[in-house]
Every structure is written in C-alpha cells, then in structure tokens.
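This report concerns only the one structure given below.
The values are calculated or read from the model by the stated rules, or taken from the named source; none is laboratory data. Note that the structure is a prediction, hence the values are computed from the model and not measured. Note that each Cβ is placed from the backbone with ideal geometry, even for glycine, and that neighbours are counted across all protein chains shown.
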Amino acid sequence: MAKYRTEKTDETPLRRVTPDAHWKSLQQGDRVSVRLAPGYETEGLVDAVTADHTAVWVHLDGGRGRTLLHCSDGVEILPPAN
C-alpha cells in the first residue's frame, strides 16, 4: 500500500479538454472530412454531437461504419475538401 495517498482521485478529471472552435459549429447531417492520422483521411456525415461539443459521432463513407470521435483523440474534423 502506498505511504502517501491522494484522496478523491476518481473525482478529478485526467485533463481538461477543449474542442477546437469549429467543432462547436458542427450539427447533425453536416458533411465532414475526418483526418485520423497523417495521410489517412476519410469523409462522412455527422450523426450526433454531445452538448459540450467534445464528442462527435460520424457515419464514415464507404460502409466503414459509425465512429465516435473525441476532441482529445488527436483527430481533425474539417469541412470536406472539394
């Protein structure tokens, strides 16, 4: 057992998360481009957005399913490239 114990660690967030400014304008039905990693980009439709805009559900094109993206995941959600 630890000699020094920090109390109430389960109540404190690991870190503060703040979505990029453009995440706050996302709405259900918006067409977006999702950059998951450098060189890997796909498009899809926004299915749902949480009230605090930190998480977004996106239906990916090409039958790749629905994925949950969080602002701390390191992904970029942008308007689709034309």
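Residue-wise test of (1) modelled with pLDDT of 90 or more; (2) not polar (S, T, N, Q).
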| residue | (1), (2) |
| --- | --- |
| T6 | no, no |
| D10 | no, yes |
| R15 | no, yes |
| R31 | yes, yes |
| P38 | no, yes |
| E43 | yes, yes |
| V58 | yes, yes |
| G63 | yes, yes |
Out of everything in segment 42-77 that is of a type in the set (V, I, T) and outside any loop (DSSP other than H, G, I, E, B), what residue ends up being surrounded by the fewest Cβ atoms within 10 Å (Cβ to Cβ)? T42
